[in-house]
Amino acid sequence: MVTEDKVTEIFYMADDFCKFFDTMIAKYTLKPLKKRKYHCDNTMSKAGIMLVIILFQRLFVNDI
């Protein structure tokens, strides 16, 4: 059983990872020549998507 506190803890861990990963990607990749805006302001955060995937795996895959 996954409690609300555990979900919050997993989200914060995923968010910390995403922040670290984004800084490393920005540091070690080439910068684009021009910045494009795709009007995607209403999307889920990377940490939110990771949380859904982690909970999905815990719910369905671990039951085998």
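The values are calculated or read from the model by the stated rules, or taken from the named source; none is laboratory data. The model shown is predicted, which means the values in this text are computed figures rather than measured ones. Heads up, the Cβs are rebuilt from the backbone with ideal geometry, glycines too, and the neighbour counts pull from every protein chain shown. Surface accessibility is based on the protein's heavy atoms, side chains included, excluding ligands, DNA and RNA. Shrake-Rupley method; radii C 1.70, N 1.55, O 1.52, S 1.80 Å.
State the number of residues belonging to segment 6-43 that are among the β-branched types (Val, Ile, Thr) and in contact (Cβ under 8 Å) with a residue 24 or more places away in the chain. Show your work before the answer.
Restricting attention to segment 6-43, the residues satisfying the condition of being among the β-branched types (Val, Ile, Thr) are 7-8, 10, 23, 25, 29, 43.
Cutting the leftovers down to in contact (Cβ under 8 Å) with a residue 24 or more places away in the chain gives us 7, 10.
Residues flagged as among the β-branched types (Val, Ile, Thr) and in contact (Cβ under 8 Å) with a residue 24 or more places away in the chain within segment 6-43 amount to 2.
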Exactly one condition in (1) among the β-branched types (Val, Ile, Thr); (2) in a helix (DSSP H, G or I); (3) touching a helix residue (DSSP H, G or I) at 6+ places or on another chain (Cβ under 7 Å) is not met by Val2; state its number.
(2)
Which one is least open to solvent (accessible area, probe 1.4 Å) among residues in segment 1-56 that are of a type in the set (Ser, Thr, Tyr) and under 10 Å from the mean Cα position of the chain (by Cα)?
Ser45
Qualifying positions in segment 6-64 - among the hydroxyl-bearing types (Ser, Thr, Tyr) and not in a helix (DSSP H, G or I)
Thr29, Tyr38, Thr43, Ser45
